[in-house]
Every structure is written in structure tokens, then in C-alpha cells.
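See structure below.
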Amino acid sequence: MVVKQSICLLGATGSIGDSTLDILRQHPERFSLFAVAANTNVKKMTEICRNFLPKVAVMGSLKARDALAKQCEGLPIQFEWGEEAMCMVASSPEVDQVMAAIMGFAGLKPTLSAIRAKKRILLANKESLVTAGRLFMDEVAKHNVTLMPIDSEHNAIFQCLPQNASGFQKHHVSKLLLTASGGPFRHWSLEDMRSVTPAEACNHPNWSMGQKISIDSASLMNKGLELIEACWLFDMTPDDIDVVVHPQSIIHSMVSYDDGSVIAQMGVPDMKVPIAYGMSWPSRITTEVPHLNLMDVAQLDFSAPDLIRFPNLKLAADAWYMGGTAMAHLNAANEIAVDAFLNNQIGFLDIATINQYVLEQLPAVPVTSLEDVFEGDKLARNLAKRIILSGKNL
Ligand code: NDP
Ligand code: MG
């Protein structure tokens with residue numbers, strides 16, 4: 001008999017939130033929704049509350065909480081707000097699994113709360129692992145937590161590695177091959193990329209995702225963050241990982257072994273697949289995702305990434321080797337730069353320029369506590385904002 005799992009969904013109104021709710025809708029006998037959390041989107045949260053009747057719903061502010069409570073009057077739901085409440089639901093004794101799908105650095109504290117409460121972590125929020133990597137992984141080990149990578153590439157690598165208690169140990173692995181679609185500007189010249197609009201950058205060829213990760217995919221910062229994410233998850237360095245541009249997004253990543261074998265995980269690009277696997281591991285459940293028909297795909301292409309046109313990927317490797325707070329600096333600069341690009345304050349290519357400037361200007365200091373990470377994040381955000389405001393030609 002399957003024991004029903006109780007889920008806390010952080011980032012319920014987002015793209016990963018949508019896909020997670022689809023899996024819950026399809027498997028009511030396996031999963032129940034204990035809590036949902038989001039920032040400002042009251043309209044969507046109202047729909048979720050009405051459809052799923054979670055026990056608790058958390059919004060980012062008191063105003064949003066009150067608006068939601070008003071919309072959901074009469075429903076047996078407890079309404080809360082703020083980061084502390086998100087940490088509380090993520091660590092509630094009634095929860096088995098926490099989907100960490102808040103966008104950006106804001107996801108760090110609730111995810112850590114869930115780890116400390118020994119929940120199964122379904123990790124979509126890569127920024128929390130990128131910024132606080134060593135501390136994050138130490139907490140995972142200390143609390144003996146099952147950490148399921150939801151990012152499709154890392155989920156693929158997890159599936160291609162031999163399974164054991166932790167799932168992440170190296171067994172004659174020679175390389176990880178991290179695939180990248182190359183994003184919408186794969187063939188664009190630097191000159192053409194200079195004037196792209198946020199709408200063009202958000203228009204990903206294969207995946208439908210939130211705005212920030214879509215921009216990151218277009219600038220290859222997403223692959224940079226994923227490179228660091230893979231280093232932490234699988235105990236590797238950037239030199240152990242090859243990024244392979246594979247525009248069809250059918251192979252989600254590969255593991256190359258010492259004996260010459262390469263194991264790949266494939267499927268139609270849809271986040272419901274890694275989400276369902278994370279939630280059901282070590283078993284599997286059905287999804288409504290169409291099965292892969294290789295005859296339809298016909299061709300799979302591979303090439304090396306262009307680090308001249310997409311410098312963010314190299315910056316991420318640099319940040320890893322700089323160590324300490326460097327990864328928090330890079331992530332924070334990028335969050336600010338992407339936001340400024342989305343608000344038409346800077347051009348697309350300025351994102352990487354700002355990231356590089358912040359990474360070079362701020363000295364990386366060792367991370368001995370969470371405060372170090374928060375301080376590094378703050379310094380980098382402030383520096384990136386100052387550059388943007390000054391309109392400085394970098
Ligand atoms: P979306 O932008 O679609 O959704 C983000 C979610 O986070 C929303 O629910 C949003 O709430 C919530 N949120 C944002 N800021 C805060 C905050 N300060 N406090 C609480 N909640 C907040 O993003 P995605 O779903 O695309 O991505 C979520 C995470 O998953 C990211 O870290 C991304 O890198 C990662 N990921 C996403 C993939 C994808 O295919 N989408 C693939 C792999 C990883 P509100 O709507 O109210 O603003
Ligand atoms: Mg990914």
C-alpha cells in the first residue's frame with residue numbers, strides 16, 4: 001500500500017507550481033496539499049485555494065494575505081504572510097515533501113527550514129543551492145535529508161547515476177555532460193543581441209518557464225547557475241562537467257563513465273516528468289506528458305557553447321573557483337540585472353557586463369555562516385543597482 005505524501009508547495013503560482021499542481025490533480029490517492037506559498041499573485045492563489053483546499057496559504061505581504069483571505073472567505077484555510085510563515089509551513093510536522101519553487105534567492109530560508117525539519121526536498125530553486133552551496137549541502141548531510149533535483153538536467157543526471165542511499169556518489173564517473181538548448185539567441189550575433197526585447201528573450205524555443213529563468217536561459221546564465229548547482233549536488237568541479245548545446249532538448253543530460261559508456265536520460269521537454277520522478281522516487285508514477293517518439297524528433301544535434309557571445313557561463317565557472325561568497329555575488333548581480341532588463345532599464349548584453357563587473361569588484365570572502373551569504377548577496381545587489389542607476393558605460 002502506498003502511504004499518502006503531504007506536500008508543501010513553495011512558489012505555487014509559478015510555472016513549476018503549475019506543473020506540480022497538475023501532478024497532484026492526477027494522483028489524489030498519493031499526494032495531498034498541506035500548504036501553498038507565493039508572493040503577490042492573489043488571483044492565482046485564490047483559484048488554487050478554491051480548487052485544492054490546502055490547510056495553510058501563505059503570501060509575501062500582509063496586504064496580499066488579507067486580499068486572499070477576503071477572496072477565500074468561508075473556506076477552511078489558515079492564511080499567513082511573510083518569510084517566517086513560509087519557513088513554518090515548510091517545516092510543519094504535517095508535511096512530508098517540500099517543493100522549493102520560489103524564484104531566486106528569496107527561496108533560501110524556507111528551503112533551509114525544510115531541510116532542518118528533515119523533509120524530502122524537491123529542489124527547483126537552484127539559486128538557494130548556488131548561493132549557499134557548502135552550508136546547504138552540509139545541512140542536507142547533517143539531517144540525512146533526501147534531496148531530489150527537480151531541475152531537468154540534474155534530475156536526468158540523478159537518473160543516470162547508480163542509485164544508492166544518497167544517490168549522488170561517484171561510481172567511476174568520468175564526466176557529467178550538462179545539456180543546454182542554447183536559448184532563443186543561439187545563432188544571433190552580438191550586434192543583434194544588443195537590441196533584443198524582454199519579450200524576445202522570454203520566448204524560449206522548447207520550455208515554458210517563469211520570466212527570470214527564461215531570461216537566464218537566453219543569456220546562458222541559467223546554464224552557469226546549473227553548472228554550479230551540479231558541482232554542489234554531485235560533488236564535482238566545473239572541470240568535471242562539459243556543457244553541450246543540444247537545441248532539441250530531448251536529452252536532458254548525460255553521465256560519462258570511465259569504461260566509455262555514456263548514459264543519457266531522454267524525454268519530451270516537460271517539467272512534469274522530473275517533478276513526478278522527484279515526488280515518487282524510488283518508484284515512478286504516470287504523467288500526462290506525451291511519450292517520446294524518436295521518429296518525430298528525427299535528429300539530435302550537439303555543439304560546444306560559445307563563451308564569447310555568452311560570457312555568463314564562464315563567469316559561473318570563475319565564481320565557483322573563486323569560492324566563498326563569489327557565487328552569491330554573481331547570483332545577486334544577475335537577479336538585479338535581469339530585473340532591470342525586464343523593466344527596460346538596461347540592454348540584454350548589459351546583464352553579463354554587470355555580472356562580470358560585480359564579480360570582479362567584490363572580493364570573495366569565505367562562507368562560515370548564513371550571515372556571510374546574506375551579506376555577500378546584499379553587497380552585490382547594492383553594487384549592481386548603483387551601476388544601473390548611474391547608467392555607467394561599463
Ligand atoms: P515563476 O516566476 O513562474 O514563479 C515564481 C514563484 O515564486 C511564484 O509562485 C512567485 O509568487 C514566487 N515568489 C517569487 N518571489 C517570492 C518571494 N519573495 N517570496 C515567496 N514567493 C515568491 O518561476 P518558475 O516556476 O519558472 O521557477 C521557480 C524556480 O524554479 C526558480 O528558481 C527556477 O530557476 C527554478 N526552475 C524552473 C524551471 C521551469 O521550467 N520553470 C526549470 C528548472 C528550475 P508570485 O506569483 O506571487 O510572484
Ligand atoms: Mg534546467
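The values are calculated or read from the model by the stated rules, or taken from the named source; none is laboratory data. Keep in mind that what you see is a predicted model, and the values were worked out from it rather than measured. Reconstructed Cβ throughout: ideal geometry from the backbone, glycine too, with neighbour counts over all protein chains shown. Note: areas computed on protein heavy atoms with side chains; ligands, DNA, RNA excluded. Shrake-Rupley method; radii C 1.70, N 1.55, O 1.52, S 1.80 Å.
Observations, loosely collected:
- Using the Cβ-Cβ distance between I285 and Q163 with R0 = 22 Å, the FRET efficiency computed as 1/(1 + (r/R0)^6) comes to roughly 0.80.
- Cα-projected label distance for Q78 with H171, points at 7 Å along beta-carbon direction, nm: 4.3
- For the pair V3 and S195, the difference between a 0.36 nm per residue extended length and the Cα-Cα distance amounts to 63.8 nm.
- Accessible area, probe 1.4 Å, largest first, for residues D242, D192: D192, D242
- Gain on full stretching of the segment that runs from D239 to D138 - 0.36 nm per residue minus C-alpha separation: 34.1 nm
- Rolling a 1.4 Å probe over the heavy atoms of the protein chains gives segment 5-145 an accessible area of 41 Å² per residue.
- Kyte-Doolittle at least -1.0, axis length at least 27 Å by Cα - qualifying DSSP helices, the chain: 370-390
- Per-residue SASA entry for K142, accessible area with 1.4 Å probe, Å² rounded to 10: 150
- In segment 77-130, taking the dipole from charged Cβ atoms about the Cα centre, the farthest positive-side position among T111, A100, V130 is held by V130.
- Taking all protein chains together, Y357, Y321 sort by accessible area into Y321, Y357, largest first [probe 1.4 Å].
- Burial ranking of peptide ranges 125-135, 262-272 (average Cβ count within 10 Å, highest at the top): 125-135, 262-272
- Helix-only [θ]222 nm of the chain, DSSP H runs n ≥ 4, -39500 (n - 2.57) each, per residue, nearest 500: -14000 deg cm²/dmol
- For D18, neighbours were defined as the other residues whose beta-carbon sits under 10 Å from its Cβ, and their charges (Lys and Arg +1, Asp and Glu -1) total +1.
- Rounded to the nearest 20, the Cβ-based charge dipole of the chain about its Cα centre (Lys and Arg +1, Asp and Glu -1) stands at 920 debye.
- Net charge contributed by nearby residues that have their C-beta within less than 10 Å of D216 (K/R +1, D/E -1): 0
- Antiparallel bridge percentage (DSSP; both residues within segment 127-278; nearest 5): 65
- Solvent-accessible area per residue for segment 255-337 (1.4 angstrom probe, square angstrom): 47
- Extension gain for the segment M295 to Q345, taken as residue separation times 0.36 nm less the Cα-Cα distance, is 13.5 nm to one decimal.
- Dipole magnitude of segment 5-145, debye to nearest 20 (Cβ charges: Lys/Arg +1, Asp/Glu -1, about Cα centre): 100
- S195 accessible area, 1.4 Å probe, all protein chains in place, Å² to nearest 10: 90
- Where GluC sites (Glu not before Pro) fall in DSSP loop in segment 1-99, at most 13 other Cβ within 10 Å: E29, E73, E94
- Beta bridges by DSSP in segment 5-145, antiparallel share as percent, to the nearest 5: 0
- For the chain, relative contact order (Cα pairs under 8 Å, six or more residues apart, normalised by length) works out to 14 percent.
- Note on the chain: GNM, Cα springs under 10 Å; of W207, W281, W81, the largest mean-square fluctuation is that of W281.
- Pairs of Lys in segment 5-145 closer than 23 Å at Cα, counting only those 8 or more apart or on different chains: 20
- Over all distinct Cα-Cα pairs of the chain, the Kirkwood formula returns a hydrodynamic radius of 21.4 Å.
- Antiparallel bridge percentage (DSSP; both residues within the chain; nearest 5): 25
- Total formal charge among the other residues, if their Cβ is under 10 angstrom from that of P110, Lys/Arg +1 and Asp/Glu -1: -1
- GNM result for the chain, Cα springs below 10 Å: residue of A199, A352, A156 fluctuating most strongly: A199
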